[in-house]
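S.K.: One structure follows; several queries about it will come next.
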Amino acid sequence: MTRLAQTDDLTDVQTEILATVRSFVDKEIIPHAQQLEHADAYPTEIVEGLKEMGIFGLMIPEEFGGLGESLLTYALVVEEIARGWMSVSGVINTHFIVAYMVLQHGTAEQKERLLPRMATGEVRGAFSMSEPGLGSDVAGIRTKAVREGDGYVIDGQKMWLTNGGSATLVAALVRTDQGAAKAHQNLTTFLVEKPAGFGEVLPGLTIPGKIDKMGYKGVDTTELVFDGFRIGAEHVLGGTPGRGFAQMMDGVEVGRVNVAARACGISLRAFELAIAYAQQRETFGRPIAQHQAIAFQLAEMATKVEAAHALMVKAARLKDAGSRNDVEAGMAKLLASEYCAEVTTQSFRIHGGYGYSKEYEIERLMREAPFLLIGEGTSEIQKTIISRGLLKEYALKR
């Protein structure tokens with residue numbers, strides 16, 4: 001174990017889980033990440049290893065076949081996995097959010113039918129809010145479900161589905177005509193069960209090919225196109241339409257802790273690479289780590305890693321305690337993602353020209369870190385959430 005990113009007051013079970021995951025990351029992910037990432041290849045063997053360890057059911061209660069662990073445990077596991085390769089953490093992140101939403105908001109039938117298979121990884125989840133041209137305006141969703149008989153017909157196009165092709169369960173937020181005055185109260189989450197793959201996977205449901213991205217390779221990111229897709233009313237999350245916005249925001253809130261954890265993992269790896277390289281590379285007759293300019297950069301990087309980790313842990317523990325953590329989750333996501341970009345850039349600069357070579361791991365991290373600035377809401381969205389919460393908390397009494 002290293003000095004940085006340690007967490008106090010963990011249980012013996014949590015400590016054992018993290019040690020097992022770290023060993024798996026060091027032996028099974030880091031040695032293969034470069035080759036898989038450059039080939040944009042799905043990490044099938046790595047995913048199978050995570051399934052065997054029970055990671056897909058980490059937060060699913062034991063009554064449904066999971067491990068029943070906390071959000072903190074999950075976040076620390078994600079931090080470890082992202083330290084190895086962020087794309088692998090992306091494979092389980094959307095699955096985790098969908099499982100959380102089913103657990104918190106699903107009907108008894110939906111929980112009994114889906115959660116045991118999600119715990120084993122047999123059913124893999126993806127969630128879908130965004131649309132082409134939508135951005136952060138979730139209430140402006142255009143994909144629409146119209147009631148017909150005992151079900152709905154959905155038409156529209158969704159965008160940026162992580163695991164869109166490999167997932168077999170998609171939680172999709174669409175518009176339904178509830179007659180509510182507020183736009184967000186006319187949104188409904190549907191649990192769309194589908195086979196894995198690309199093309200028209202079901203009548204009226206198409207998953208086009210993978211979107212080619214700058215980074216975040218390996219994991220499939222896709223569109224989802226509904227064209228007269230028919231789905232039964234029993235697939236409405238929770239059974240009651242019009243509650244989708246609140247359900248999704250609850251999922252995204254824990255997702256922001258997850259993104260903060262991913263940023264912490266990348267930052268930690270960037271620091272590890274930098275401090276190792278700085279002790280090996282020599283200039284003017286001594287390792288560059290002995291030059292004050294480099295030593296100060298290492299100090300700054302380590303401090304940012306520690307600060308981001310501490311805020312991420314606080315946000316996770318608040319959620320586990322049943323407290324509202326929207327402000328803290330926003331702070332954690334904001335700080336961790338911004339620091340991740342800074343720490344990765346500092347590591348890149350320490351590597352000099354070698355950092356620009358695909359032979360060096362830092363080149364990959366430089367392409368992965370920017371994703372965390374926009375995933376689960378941009379930094380500007382986090383600032384909006386944080387400032388609204390603070391103004392409510394510190395409102396002047398007149």
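The values are calculated or read from the model by the stated rules, or taken from the named source; none is laboratory data. As the structure is a computational prediction, the values presented were derived from the model and not from experiment. Neighbour counts run over all protein chains shown; Cβ positions are idealised from the backbone, glycine included. All accessible areas refer to the heavy atoms of the entire protein, side chains included, with ligands and DNA or RNA removed. Shrake-Rupley method; radii C 1.70, N 1.55, O 1.52, S 1.80 Å.
S.K.: Assuming 0.36 nm per residue, please report the length gained on full extension of the stretch I30 to K213 beyond their Cα-Cα distance.
M.R.: Full extension of this stretch gives 63.8 nm more.
S.K.: Equivalent ellipsoid semi-axes for region 251-398, as square roots of 5 times the alpha carbon gyration tensor eigenvalues: give them largest first, rounded to whole Å.
M.R.: Values for region 251-398, descending: 35, 15, 12 Å.
S.K.: At L202 and D137, where each label point lies 7 Å from the Cα along Cα→Cβ, what is the point-to-point distance in nanometres?
M.R.: Between L202 and D137, the simple spin-label model gives 3.0 nm.
S.K.: Report the Stokes-Einstein translational diffusion coefficient (µm² s⁻¹, integer) for region 98-201, Rh taken as the Kirkwood radius over Cα pairs, at 37 °C with viscosity 0.692 mPa s.
M.R.: The calculation lands on 224 µm²/s.
S.K.: Sort 66-74, 217-225 by the packing proxy (mean of other Cβ within 10 Å over each peptide's residues), most packed first.
M.R.: Ranked by mean Cβ neighbours within 10 Å, highest first: 217-225, 66-74.
S.K.: Roughly speaking, to the nearest percent, how much of the chain's 1.4 Å accessible area is carbon and sulfur?
M.R.: Exposed carbon and sulfur together represent 52 percent of the surface.
S.K.: For region 97-144, just say rounded, prolate or oblate: build the C-alpha gyration tensor, square-root its eigenvalues into a ≥ b ≥ c, call rounded for a/c under 1.5, and beyond that prolate if a/b exceeds b/c, oblate if not.
M.R.: Prolate, because a/c is 1.5 or more and a/b exceeds b/c.
S.K.: Applying 1/(1 + (r/R0)^6) with R0 = 30 Å to the Cβ-Cβ distance of L396 and T240, what FRET efficiency is obtained, to the nearest 0.05?
M.R.: 0.20
S.K.: Another one. Which residues does the label zone of S23 cover in region 45-63, counting backbone N under 14 Å from a point 7 Å along Cα→Cβ?
M.R.: Taking a point 7 Å out along Cα→Cβ of S23, the residues of region 45-63 whose backbone N falls under 14 Å are 53.
S.K.: Only Cα pairs under 8 Å and at least 6 apart count here; give the relative contact order of the chain as a rounded whole percent.
M.R.: 16 percent
S.K.: Kindly point out which whole DSSP H helices in the chain project their C-alpha atoms 27 angstrom or further along the helix axis while averaging a Kyte-Doolittle hydropathy of -0.5 or above.
M.R.: Qualifying helices, which must be both long enough and hydrophobic enough, are 86-105, 244-280, 292-320, 326-351.
S.K.: Ignoring everything except DSSP H segments at least 4 long, calculate the 222 nm mean residue ellipticity for the chain; use -39,500 (n - 2.57) per segment, divide by total residues, nearest 500.
M.R.: The per-residue figure over the chain is -16500 deg cm²/dmol.
S.K.: I need the phi-derived Karplus couplings for region 201-216: 6.51 cos²θ - 1.76 cosθ + 1.60, θ = phi - 60°, integer Hz, Gly and Pro marked x.
M.R.: With coefficients 6.51, -1.76 and 1.60, one gets 7, 9, x, x, 10, 10, 10, x, x, 4, 7, 7, 10, 5, x, 6 Hz.
S.K.: Using DSSP to define loop residues, name the trypsin sites (Lys or Arg not before Pro) in region 1-89 whose beta-carbon has at most 10 other beta-carbon atoms within 10 Å.
M.R.: R3
S.K.: Compute the convex hull volume of the Cα atoms of region 310-390, divide it by the residue count, and report the result per residue in Å³ as a whole number.
M.R.: 93 Å³
S.K.: Note the listed values (i) 80, 60, 43; (ii) 67, 45, 36; (iii) 104, 55, 42, then indicate which one is Cα extents along the principal axes in Å calculated from this particular structure.
M.R.: (i)
S.K.: Rounded to the nearest Å, what's the spacing between the alpha carbon centres of region 187-212 and region 360-398? Just the number, please.
M.R.: Region 187-212 and region 360-398 have Cα centres separated by 29 Å.
S.K.: Quick check on packing: order 276-289, 141-154 by the mean number of other C-beta atoms within 10 Å, highest mean leading.
M.R.: For the peptides 276-289, 141-154, the packing ranking is 141-154, 276-289.
S.K.: Past 32 Å, Cα to Cα: identify those pairs from K213/K383; K182/K392; K304/K392; K27/K217; K182/K319; K194/K358, in the order given.
M.R.: K194/K358
S.K.: Along the positive direction of the dipole of the chain (beta-carbon charges: Lys, Arg +1; Asp, Glu -1; about the Cα centre), which of S347, V236, L71 reaches farthest?
M.R.: S347
S.K.: Quick check: with the 1.4 Å probe, what order do Y100, Y354, Y394, Y360 take by accessible area, largest first?
M.R.: Ranking Y100, Y354, Y394, Y360 by accessible area, largest first, yields Y394, Y354, Y360, Y100.
S.K.: May I ask you to give the solvent-accessible area per residue for the chain, in square angstrom, as obtained with a 1.4 angstrom probe?
M.R.: 44 Å²
S.K.: Using 0.36 nm per residue of separation minus the Cα-Cα distance, give me the extension gain between S357 and R324 in nm, one decimal.
M.R.: Here the answer is 7.5 nm.
S.K.: Still on this structure, please answer the following. Separation between the E148 and A293 pseudo-spin-labels, each 7 Å from Cα along Cα→Cβ, expressed in nm?
M.R.: Rounded to a tenth, the inter-label distance reads 6.7 nm.
S.K.: What percent does the relative contact order of region 265-310 come to when contacts are Cα pairs within less than 8 Å and at least six residues apart?
M.R.: Here the relative contact order equals 34 percent.
S.K.: Additional query: What are the residues whose amide H is under 5 Å from the amide H of I60, where those residues sit 5 or more places off or on another chain and H is modelled from the backbone?
M.R.: The answer is L67, G68, E69.
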